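All of the numbers you see were taken from the coordinates with simple rules; none came from a lab. Just so we're clear, the structure is a prediction, and the values are computed from it rather than from any experiment. Cβ: placed from backbone, ideal geometry, glycine included. Neighbour counts: every protein chain shown.
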Amino acid sequence: MEEYLVASDLTRSYGGPTPAVDGLSFSVRRGELFALLGPNGAGKTTTIRLLTGLLGPTRGTAYVGGLDVRDLDAGPEIRRHIGLLPEAAGLYESLTVRRNLELFGRLFGLSGTDLDGRVRTQLLSLGLADRAEQKAGTLSKGLKQRLAIARALLHEPDCVVLDEPTSGLDPEAAKGVRDALLALRASGRTVILSTHHLEDADRLADRVAVIRGRLLALDTPAGLKERLFRHLVAIELLRADARAEELLGSVEGVRSVTREGTRLTFEVGTGEEIVPSGVEALVRGGYRVRSVAALNPTLEDAYLRVIGAASTPPSGAA
């Protein structure tokens, strides 16, 4: 699949000892939905500003459709390729929904029947036609997000970049935004999504990048979970204690045993004989097994493991 956006050693420092973004290198393929994940202060918004040319890099660069974001002359062309939904929607709340779209359409250079047609198309596609004459300030937060997405699509960009589009929305409104994202991908657009909602990323994204200033992991959601956890198993006991945890941990092939109440959770490789060996060790130790089940780790599990590993100082560090 063709690469549409490429970050190369992308770095931005604000003058402190640690860059906000440090040496990011990755590519986003044309037509994929790509999610940026990371904790608060990880540099996600800075990355979005760098990728869209709103902020200049301290080192490195990014290319959008082959255009270098450092090239000031290429700025207008890059902005024609990208539709941006920032975390703060920035609507004119005293204007109607239609007037908001018309105003921003003119800023994109649209006019006349072309502008009217595109406004009508976005009102219909985002489910806002019956709100066209309503003032933006009276809309719910979910409808404001839909209006902001419609605004970002007026100039028919190849790529749409969204910063926390479902933040603070109720479940129904969030679903409306997720449906809009899926429609964008189905239309062939490249979508870059920054989000704290890991369920959204797991459900929607073709690939995810976990960042914390630097790139920590890049994979499909399924690939990241499989790579980090392989096979996760839970054994439910009638009673469990530290000794049961130690017994299970002593079985060859068993890794990362944790205990929560009467449940022992652990990882195994590909050897199917490891789970029966673990059960046998527990039974011989006097423990009664109530159930054994394979677990499916979530993207949140994988994300927390990646972030936790990045937070752990190397062995011998002060």
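So between residue 309 and residue 218, what do we pick up on full extension, going 0.36 nm a residue minus the alpha carbon distance?
Length gained, residue 309 through residue 218: 31.3 nm.
How high is the relative contact order of the chain, given as a whole-number percent (alpha carbon pairs under 8 Å, six or more residues apart)?
Relative contact order comes out at 18 percent.
Extending each Cα 7 Å along its Cβ direction at residue 291 and residue 243, get the distance between those two points in nm, one decimal.
Simple spin-label model gives 2.6 nm for this pair.
Note down the Stokes-Einstein diffusion coefficient of the chain in µm²/s, whole number, using a Kirkwood radius over alpha carbon pairs, 37 °C, and 0.692 mPa s.
Roughly 148 µm²/s, to the nearest whole number.
Could you calculate the FRET efficiency of residue 32 with residue 156 from 1/(1 + (r/R0)^6), where r is the beta carbon distance between them and R0 is 22 Å, rounded to 0.05?
The formula returns an efficiency of 0.75 here.
Take the alpha carbon gyration tensor of region 56-150, find the square roots of its eigenvalues, order them as a ≥ b ≥ c, and report rounded if a/c is under 1.5; if not, report prolate when a/b exceeds b/c, else oblate.
In terms of gyration-tensor shape, prolate.
Amide H to amide H, which residues 5 or more places from residue 87 or on other chains are under 5 Å from it, using H placed in the peptide plane?
163
Per the Kirkwood definition applied to all pairs of different Cα atoms, how many angstroms is the hydrodynamic radius of region 191-318?
16.4
Please give the charge dipole size of the chain, origin at the Cα centre, charges +1 on K and R Cβ atoms and -1 on D and E Cβ atoms. Round to the nearest 20 debye.
With only Lys, Arg, Asp and Glu charged at Cβ, the dipole is about 540 debye.
Residues in region 1-29 near a label at residue 70, defined as backbone nitrogen under 17 Å from the 7 Å Cα→Cβ point?
Within reach of a label on residue 70: 6-14, 21-26.
In terms of Cα to Cα distance under 27 Å, which lysines are near enough to residue 144, apart from those fewer than 8 places away along the same chain?
Correct list for residue 144: 44, 135, 175.
Determine the calculated [θ] at 222 nm for the chain from helices alone, applying -39500 (n - 2.57) to every DSSP H run no shorter than 4 residues and normalising by the residue count; nearest 500 deg cm²/dmol.
-11000 deg cm²/dmol
Kindly state, to the nearest 0.05, the FRET efficiency for residue 234 paired with residue 196, given R0 = 22 Å and r defined as their beta-carbon distance.
About 0.20, to the nearest 0.05.
Ranked from highest to lowest mean number of other Cβ atoms within 10 Å per residue, what is the order of the peptides 79-89, 5-15, 206-216?
Ranking, from highest mean packing down: 206-216, 79-89, 5-15.
Could you work out how far helix 141-153 tilts from the main Cα principal axis of the chain, as a 0 to 90 degree angle to the nearest 10?
Here the helix axis deviates by roughly 60 degrees.
For 92, 63, what's the fewest-to-most ordering of other Cβ within 10 Å of each Cβ?
Lowest to highest Cβ neighbour count: 92, 63.
Tell me, in nm to one decimal, what length is gained between residue 14 and residue 88 on full extension, where the rule is 0.36 nm per residue of separation less the Cα-Cα distance?
24.5 nm is the gain from fully extending residue 14 to residue 88.
Taking H as built 1.01 Å from N, whose amide H comes closer than 5 Å to the amide H of residue 231, not counting residues under 5 places away?
Placed amide hydrogens put 268 under 5 Å from residue 231.
For each of 124, 184, 37, count neighbouring Cβ atoms within 10 Å of the residue's Cβ, then give the residues from fewest to most.
Going from least to most buried by this count: 124, 184, 37.
For 280, 252, what ranking results if the residue with the fewest other Cβ atoms within 10 Å of its Cβ goes first?
With the fewest neighbours first, 280, 252 line up as 252, 280.
Starting from the amide H of residue 29, placed 1.01 Å from N in the peptide plane, find each other amide H under 5 Å away whose residue is 5 or more places distant or on another chain.
4
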